[in-house]
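So the structure is just underneath, and the comments pick up after that.
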Amino acid sequence: MRNVLFLAHTEADGTLARPALEALGTAANVAAGLGASLVTGLIGENVKAAAGQIGGCGAARFLGVAGPDFAQSRYGSDAAAAEAICRAANAEVVMAAGTSRFSRVLPGVAQRLGGRADTHVTGVSASNGGLAAARWFYRQRMEGVFQRNQRPWFLLLDPGSQPAWQGSGGSATVEPVAVTLTEAHRRTSVVGQRAPAADAQTIRPDAALLFVAGAGWTKKQADGQAHVQEAEKLILDFLRLTRASLGSTKSLVDLGGEGQAVLSFLTHLNQVGQTGSTPRHPKGLAACCHGEEPHTVGWRFINERRAINLDPNCGWARGKADVLYVADAFAVMAKVNALLAAKP
């Protein structure tokens, strides 16, 4: 019988994060569609908690590589662990979350095993013994569905593109997989982590709301003056009160190169659209945007889209937002922040 391997790495607390659970749900569906056996492979300092977390997933085997050497992300040790698990599982299909840790490791493992790897996969279908994967091309303007004959086939799923596995935990016996590491595998070491303060962090992939700021925030307002500092305070207060994630159009991010006033906390990492990221959040709110097509492409996968703009004929009024508020974004956001601050 063919095997489908679900491969995951644990988090700092020893559990599996949502991206891994999304990959598990898809792997279970693929195994059922192919009539194959589901095998779970876990990598981390200690994998018992993760195995118990997904103990009810129906996997025939739980394979694990554990130890201090596998606590942190490192190509040498991660590649060796993933290769050992794949060989032990004898899997034709390997499914994993497209995290930064796996995205840089699993293509190399596929090469070692004579297989193929595809990243940024957003859909997988299996029926009648056949398997097809889907992903977006040309900045999410075209979707392609494709198949491969090479095995093993590694599929890295984009986080947020699949529903997470919702089963119950349970007891699971983890079969240890032996991995021998040399000094060459350990030559890279993690000496620490640097992260911005919680209030300074504006990119939150797991946030329920995406707030997109447009170039209108830095333009002259009704009094003929620009109010950039006021705009910064309104936006940051809203992010602090809602824990929303912040996105921006390319035009706003690039204004600094043109010598114009910019929002100091914005970088190209906040950019969404044709030359930026394609976020996936349950809801989205855009303010002072004009609905340019590149930006609209950037939040295509937002489930509920709303916008604020003074111009009733802007691009958002032509079907690109579910709800359009024709109003001054400065006034609206000031009122919204006041209401949020007053909540108990």
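Annotations for the structure displayed:
- Any hit, segment 52-62, residues being in a helix (DSSP H, G or I) and aliphatic (A, V, I, L, M): no
- Residues within segment 65-79 that are surrounded by fewer than 24 Cβ atoms within 10 Å (Cβ to Cβ) and out of contact with any helix residue (DSSP H, G or I) (no Cβ under 6 Å at 6 or more places or on another chain), tallied: 8
- Complete set of residues in segment 263-285 that are farther than 10 Å from Gly298 by Cβ and without any contact (Cβ under 8 Å) to a residue 40 or more places away in the chain: Ser264, Thr267, His268
- Residues in segment 98-142 that are in contact with a strand residue (DSSP E or B) (Cβ under 9 Å, 6 or more places away or on another chain) and small (Gly, Ala, Ser): Gly98, Ser103, Gly108, Ala110, Gly115, Ala117, Gly123, Ser125, Ala126, Ala132, Ala133, Ala134.
- Listed conditions (1) modelled with pLDDT under 95; (2) crowded, with 18+ Cβ neighbours inside 10 Å; (3) not acidic (Asp, Glu) are all met by Gly35, apart from (2).
Table: residues versus (1) in contact with a helix residue (DSSP H, G or I) (Cβ under 6 Å, 6 or more places away or on another chain); (2) surrounded by 13 or more Cβ atoms within 10 Å (Cβ to Cβ); (3) closer than 25 Å to Leu63 by Cβ; (4) modelled with pLDDT of 90 or more.
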{"position": "Trp153", "(1), (2), (3), (4)": "no, yes, yes, yes"}
{"position": "Gln166", "(1), (2), (3), (4)": "no, no, yes, yes"}
{"position": "Val174", "(1), (2), (3), (4)": "yes, yes, yes, yes"}
{"position": "Thr182", "(1), (2), (3), (4)": "no, no, yes, yes"}
{"position": "Ala198", "(1), (2), (3), (4)": "no, no, no, no"}
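- Here the condition is being more than 25 Å from the chain's Cα centre (by Cα) and surrounded by fewer than 22 Cβ atoms within 10 Å (Cβ to Cβ); of Arg148, Arg61, it holds for Arg61 alone.
- The set of residues in segment 299-339 that are part of a helix (DSSP H, G or I), surrounded by 14 or more Cβ atoms within 10 Å (Cβ to Cβ) and at pLDDT 80 or above comprises Ala329, Phe330, Val332, Met333, Ala334, Val336, Asn337.
- Every test in (1) closer than 21 Å to Phe330 by Cβ; (2) assigned to a helix (DSSP H, G or I) is passed by Asp254 save one, and that test is (1).
- Some residue of segment 12-25 being under 20 Å from Leu155 (Cα atoms) and hydroxyl-bearing (Ser, Thr, Tyr): no
- Contacts under 7 angstrom Cβ, first residue in segment 24-37 being in contact (Cβ under 8 Å) with a residue 12 or more places away in the chain, partner buried (at least 20 other Cβ atoms within 10 Å of the Cβ) and in a helix (DSSP H, G or I), 6 or more apart: Ser37/Ala31
The values are calculated or read from the model by the stated rules, or taken from the named source; none is laboratory data. Source: prediction; values computed, not measured. Every residue, glycine as well, gets a Cβ built from its backbone with ideal geometry; the counts of neighbours run over all protein chains shown.
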